[in-house]
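Throughout, read-outs are computed from the coordinates displayed, never taken from laboratory work. Quick caveat: nothing in here was measured; it's all calculated off a predicted structure. Cβ sites come from the backbone with ideal geometry, for glycine too, and all protein chains shown count toward neighbours.
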There are 4 protein chains.
Amino acid sequence: MLIVMKPDATQSEIERVSQIIKDLGYRPHPMAGSTRTAIGITGNDGSLDSAHFVSLSGVAEAIRVTKPYKLVTRELKPERSMIAVGDSFIGGSELALIAGPCAVETYDQVFETAEAVAATGAKFFRGGAYKPRTSPYAFQGTGEEGLRILSEVRSQFGLNIVTEAMDERGVDLVEEYGDCIQIGARNMQNFSLLKYVGKSNKPVLLKRGISATMEEFLLAAEYIMNEGNYNVILCERGIRTFGTHARNTLDLSVVPAVKATSHLPIIIDPSHGTGKNYMVGPMAKAGVAVGADGLLIEVHPNPREALCDGAQALLPEQFRLLSTELHALRSSLKPEPTAVSV
Amino acid sequence: MLIVMKPDATQSEIERVSQIIKDLGYRPHPMAGSTRTAIGITGNDGSLDSAHFVSLSGVAEAIRVTKPYKLVTRELKPERSMIAVGDSFIGGSELALIAGPCAVETYDQVFETAEAVAATGAKFFRGGAYKPRTSPYAFQGTGEEGLRILSEVRSQFGLNIVTEAMDERGVDLVEEYGDCIQIGARNMQNFSLLKYVGKSNKPVLLKRGISATMEEFLLAAEYIMNEGNYNVILCERGIRTFGTHARNTLDLSVVPAVKATSHLPIIIDPSHGTGKNYMVGPMAKAGVAVGADGLLIEVHPNPREALCDGAQALLPEQFRLLSTELHALRSSLKPEPTAVSV
Amino acid sequence: MLIVMKPDATQSEIERVSQIIKDLGYRPHPMAGSTRTAIGITGNDGSLDSAHFVSLSGVAEAIRVTKPYKLVTRELKPERSMIAVGDSFIGGSELALIAGPCAVETYDQVFETAEAVAATGAKFFRGGAYKPRTSPYAFQGTGEEGLRILSEVRSQFGLNIVTEAMDERGVDLVEEYGDCIQIGARNMQNFSLLKYVGKSNKPVLLKRGISATMEEFLLAAEYIMNEGNYNVILCERGIRTFGTHARNTLDLSVVPAVKATSHLPIIIDPSHGTGKNYMVGPMAKAGVAVGADGLLIEVHPNPREALCDGAQALLPEQFRLLSTELHALRSSLKPEPTAVSV
Amino acid sequence: MLIVMKPDATQSEIERVSQIIKDLGYRPHPMAGSTRTAIGITGNDGSLDSAHFVSLSGVAEAIRVTKPYKLVTRELKPERSMIAVGDSFIGGSELALIAGPCAVETYDQVFETAEAVAATGAKFFRGGAYKPRTSPYAFQGTGEEGLRILSEVRSQFGLNIVTEAMDERGVDLVEEYGDCIQIGARNMQNFSLLKYVGKSNKPVLLKRGISATMEEFLLAAEYIMNEGNYNVILCERGIRTFGTHARNTLDLSVVPAVKATSHLPIIIDPSHGTGKNYMVGPMAKAGVAVGADGLLIEVHPNPREALCDGAQALLPEQFRLLSTELHALRSSLKPEPTAVSV
């Protein structure tokens, strides 16, 4: 059930409704929109009786939720959400570019890349200190030492740090050193981890699993939001198909589909989505054209010697040129409908 | 094997090399580029001895072909091809828009649509007179009567007609009434039909099968070209995956992949590729941004009453607005490398 | 609509109902079962009025068909069908083994294989004279000369010949030389060809397309039956997935699914279904255990020199040993419910 | 690298080689086979110099490992492994049947099922106390209370308990209450969890991810073994494809593929693999016929009221009848090559 408050409902009316929901043993999720606040309810086993709510002061209506989601949905919040990541936002009118190396390798590699990324005006830097690798014998990341390097990147260049956590200890460390917790594709249905980051006060960048349906993807976000963390950024990074010309098949149609259903921002990762650097530019442009809120692009000063995924990384100079093209493309497109900050 | 002629090779030198290839029992495929002509050789069982050719007058070099393709490939023709369809071209600097209803239903339905399409400045009209339907009990098309209507559209509006043939009789009729023979996704590996259209003097729009790899797709084009018809336009129309939010998964990454390998033009069909009209606009823009040479878009004056695929059709007015956006988007992108007419 | 006749309905009552259906402009498909005959009706655009039929002499009831199929379905014929192929049957209590080389190459190769196959007691021999190959430069088959060799195999060894047709000319030739027309996976939705074999008096072995759903598969059979040829044998030969350990993913679960829906026999092709000869034995046994009516197994006297698909062929001696195991396995399983000849 | 010891190598020779490996900073994995012991080496970044080992007493040869796996592979241990689970084994000559409800719901539901399972002679009972559910609003399992009920099942019926852990706390509890830790399909690449169970002294039943290649599947097992826990049982439970007639596509060909590569036992889960109870019997038989070491089958006394996956559960009586058929089928097949206990 979803309680829509009147446009002029006061904060204390909203709080009173929330308290009544709690008193019934459920969990209220107030979500402020541009014209009104709505309150999602979770924790109920069956359907609720709207009679509890409709006569309360400030309540406009009580709506039964028909889709499997309650909190990601535009029924709860019609406007698109802007998510704060450090001192910037993802999901607003500005295209968010998140760039950096697949893996944090050395101080020099990271700083050289970060300097180039910062020079383009990008606000977000990404690099992995903990790497989920198919083989236990592949490079597993530099761990906390890598996080420290990322933290210095923030101090020096003012870039907001996005980095992956693979388990609870990792989440705690990313909270300490970074600005946004990435949950990788392989952990999209690691429900224990989703619940754990749902209790974090840092935003979460949630990557779609390689064979996740859109419904499973949104329900993974719902797991996080149900714990109280509403700051979720979705990321399409390619699905697994029979195709072989690219490493994965980047499913751009999920962007309009998500936007029709959910208020959460969605970005595209053309680097993992194709696995080939010559495809990154064309697919990044396609991502902007289809309406994505941002892009996650891998940049490495020396892709041939990268310890992870070098074949898909752009050189800093390639990224600089592409960045200019992408911002110009975004500006040339019709403006998106207004988005509102969570 | 591939014989590259010198930039200043004369026509008679080219013909002489071709004759020698024929005398050896093989088939020469001379392909003119902007700076030189190359001659592909097919019909040989094993590898050829370059000694036959390298000392001939006008020959620059003889190159062994290492990929499975011989004629679609940029090794044979480095510049991108422009294919004439009626009085216009697909594959050049101008974005080709091909629009029309999924199925030719009635004279009025087709003419109302064609008038709207022509008014946008589009050069190509598409409608199916023969419909490949999953069920034998579904509407199978209006047949030759439908082709006659399409032929009148050309007379009246000057639109070039693209329409599907499902068998040899259909090819003969499309040759008579239309300008471009569409081979549908389900027939992409109907090799007898591919060979038959390979002998046609009309260009062929070849749709990718729903589970075809890029290599299979290009080899299907190779079947057509091997018979002497070099006028092939490739069309990505979505592949079959586990996804359910769209009817198919439009694989835009095949555009840069094809362009890296082949000189043939490639267009995108966002209508069949998504099956949902609200996705057609975003995915059409993504198709332009990724570098497609054109788009195939379904337009119907009354989608709810369409006999076939109404859920994916745009209204004429929606198409008009989208058309303007698409041309503006194309203009804003950096120019493509020069393409040359076959 | 489906007209179920009374158990004691006479042949003339059945014919009278059929005539009335024809007089209404539709097509009757009488299908005899063990206890009663039912008559499927096709050719109607909308739903029919049962009042036309229920009061006719011999009619038990008129049933609306709710599924997309009318003729393949167990609603029309509850018992499983046995299909005559030459002088033997596929679909009865006996396991049907169809063996032979992927391609007919030479007289000696075929005869050596046929002698070994016949010695095992197998009733069916398969070899391709027309080969659908991904590349136009691959071996395309020996054509009519190959069919003549197959015809001699029948004369000499009494084996019934199953062989592929890729187009109408091929169908005509297979009708002349063979006993069963194979429609390959790539042509499963070549609807013109399906309609053509629907008019043949030879049984059709219809292979499932590599990305066909069960519904599409059954509707392809429906295309054939709708033209009056009810002798269709379904064949699962592997679907295309992301997997790489086998050439295709053999989908054995389609066997119980088909048997729950359709009366048509279904066989398994573990050779194309896996592409690896060491998997053929285990998957063939799995095919018997899951309830398939037969198996199509490739046998070649010298797989390393095979012109097509040698990696999946068994040696004659391997086939002999496997054949014994498969028949023993079939005997050890509980008997199938009674099947009745069409 | 892999050190093969001589057949008559003594335990102290094996230990000495292991110690030298440790002294070099690497990790030795001695694996005893029927005729000889081999020692896998992990922890090295590049390739090792065989000169360190070949002259040591008891060493037969030092072999470079060419595949991506080192410990799951038959190069290390040619014989198939038997894994002890409680007081029984999986992987030997006897077919292992693991049965029980998808979720532990109530004491009565579990005991009624367990009594029926025990009566068939099955040695293993499975039920989930922690349930990975797509939606946060679906039943999440009874948790530790459920584990206590399972523990009582062991006491009362002597069944060995297999149950899922979704995180480290879950692993600790399953170690306390159960006999075998199940890692579900969604966690197959939760590498932190794999490393954690790699340090457990309980065997691990590892389910294949719904879109995992065989190589990824085996490398997930390698993650566990690399930590020192060699007791891994693989489980195929269906992959995600475009198909819709079953919930997943059970990929039986992975059984011969795994057996050609690895010494680990592999079982089949026809319940999750099909999602439909009428398919469980046929696919279970196919699983036995293809050579699986065991089956995981869901049984529920009242499937319609099951809190999870009722549509795929068998009734106790159905399981009893199937169990008899499966054991008879296994006996009728040719014996497997000898397997040896780890």
Checklist entry - For B:LEU56, which inter-copy label distances result when the label point lies 7 Å beyond Cα on the Cα-to-Cβ vector, reported in nm to one decimal and in ascending order? => result 6.5, 7.1, 8.7
Checklist entry - In whole Å, how far is the Cα centre of segment B:33-90 from that of segment D:151-178? => result 67
Checklist entry - If you put +1 on each Lys and Arg Cβ and -1 on each Asp and Glu Cβ, how big is the dipole of the protein assembly as shown around its Cα centre, in Debye rounded to 20? => result 0
Checklist outcome for this item: Dipole check, chain A, charges on Cβ (K,R +1; D,E -1), about Cα centroid: among A:CYS180, A:TYR223, A:GLY146 the Cα furthest to the positive pole belongs to A:TYR223
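Residue by residue through A:136-147, how many Cβ atoms from other chains fall within 10 Å of the Cβ on average? Please list the in-between numbers first.
Working: counts 18, 12, 2, 1, 2, 0, 0, 0, 0, 0, 0, 0.
Shielding by partners across A:136-147 averages 3.
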Item to check | Student exercise, chain B dipole from Lys, Arg, Asp, Glu Cβ charges, in Debye to nearest 20 | outcome: 800
Checklist entry - Taking a quarter of the surface of the convex hull around the Cα atoms of segment B:207-317, what do you get in nm²? => result 7.6
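Mind checking the mean number of beta-carbon atoms from other chains within 10 Å of the Cβ atoms in C:69-79?
Working: counts 3, 3, 1, 0, 0, 0, 0, 0, 0, 0, 0.
Per-residue shielding by partner chains comes out at 1.
Cα convex hull of segment B:50-137: how many Å³ per residue? Show your work: numbers first, answer last.
Values: hull volume 16.8 nm³, N = 88.
About 191 Å³ per residue, rounded to a whole number.
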Item to check | Copy-to-copy label separations for D:ILE20, where each label sits 7 Å from Cα toward Cβ, in nm and ascending | outcome: 6.4, 8.0, 9.4
Checklist entry - Where along chain B is the Cβ that lies nearest the axis linking it to chain D, and how many Å separate them? => result B:PHE242, 3
Checklist entry - Hey, which aspartates and glutamates would be in cross-link range of A:LYS123, C-alpha to C-alpha under 14 Å, not counting anything within fewer than 8 residues on its own chain? => result A:ASP87, A:GLU94, A:GLU115, A:ASP179, A:ASP293
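Give me the mean projected area, in nm² to one decimal, of the convex hull enclosing the Cα positions of chain A. Can you show the working numbers first?
Working: hull surface 69.1 nm².
Average of the hull's projected areas for chain A equals 17.3 nm².
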Checklist entry - Quick one: C:LEU252, D:LEU173, fewest Cβ neighbours within 10 Å first, how do they rank? => result D:LEU173, C:LEU252
Checklist entry - If the label for B:TYR107 sits 7 angstrom from Cα along the Cα-to-Cβ line, what are its distances to the same label in every other copy, in nm to one decimal, shortest first? => result 6.3, 8.3, 8.3
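Antiparallel DSSP bridges in chain A: what percent, to the nearest 5?
Around 40 percent of the beta bridges assigned by DSSP in chain A are antiparallel ones.
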Checklist entry - Taking θ as phi - 60°, what are the ³J(HN,Hα) couplings along segment D:256-272 by the Karplus curve (6.51, -1.76, 1.60), each to the nearest whole Hz, with x for Gly and Pro? => result x, 5, 5, 5, 6, 10, 10, 8, 6, x, 9, 10, 10, 10, x, 6, 5
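Placing unit charges on C-beta atoms (Lys and Arg positive, Asp and Glu negative, everything else neutral), compute the dipole magnitude of segment B:131-245 about its Cα centre in debye, rounded to 20.
In total the dipole reaches around 340 debye.
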Next on the checklist: Translational diffusion coefficient of the protein assembly as shown at 37 °C, 0.692 mPa s, Stokes-Einstein with Kirkwood Rh over Cα pairs, in µm²/s as a whole number.
Outcome noted: 97
Checklist entry - Evaluated at 37 °C with a viscosity of 0.692 mPa s, what Stokes-Einstein diffusion coefficient in µm²/s does segment A:62-197 have when Rh comes from the Kirkwood expression over alpha-carbon pairs? => result 201
Checklist outcome for this item: Taking Cα atoms only, Rg over Rh for segment A:240-282 with Rh from the Kirkwood formula is 1.04
Item to check | Under 5 Å, built H, 5+ apart or other chain: amide partners of A:VAL299 | outcome: A:GLY100, A:CYS102, A:LEU314
Next on the checklist: For D:LYS77, give me every one of the lysines with a C-alpha distance below 25 angstrom, ignoring sequence neighbours fewer than eight places off in its own chain.
Outcome noted: C:LYS276, D:LYS6, D:LYS22, D:LYS67, D:LYS195, D:LYS199, D:LYS202, D:LYS207, D:LYS259, D:LYS334
Checklist entry - Ranked from highest to lowest mean number of other Cβ atoms within 10 Å per residue, what is the order of the peptides A:88-94, C:289-295, B:142-148? => result C:289-295, A:88-94, B:142-148
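Rounded to the nearest whole Å³, what is the per residue volume of the convex hull around the Cα atoms of segment B:2-63?
Dividing the Cα hull volume of segment B:2-63 by its residues yields 68 Å³.
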Next on the checklist: Can you return the aspartates and glutamates within cross-link range of C:LYS70? Criterion is Cα-Cα under 18 Å, with same-chain partners fewer than 8 residues away left out.
Outcome noted: C:ASP45, C:ASP49, C:GLU61, C:GLU79, C:GLU215, C:GLU216, C:GLU222, C:GLU227
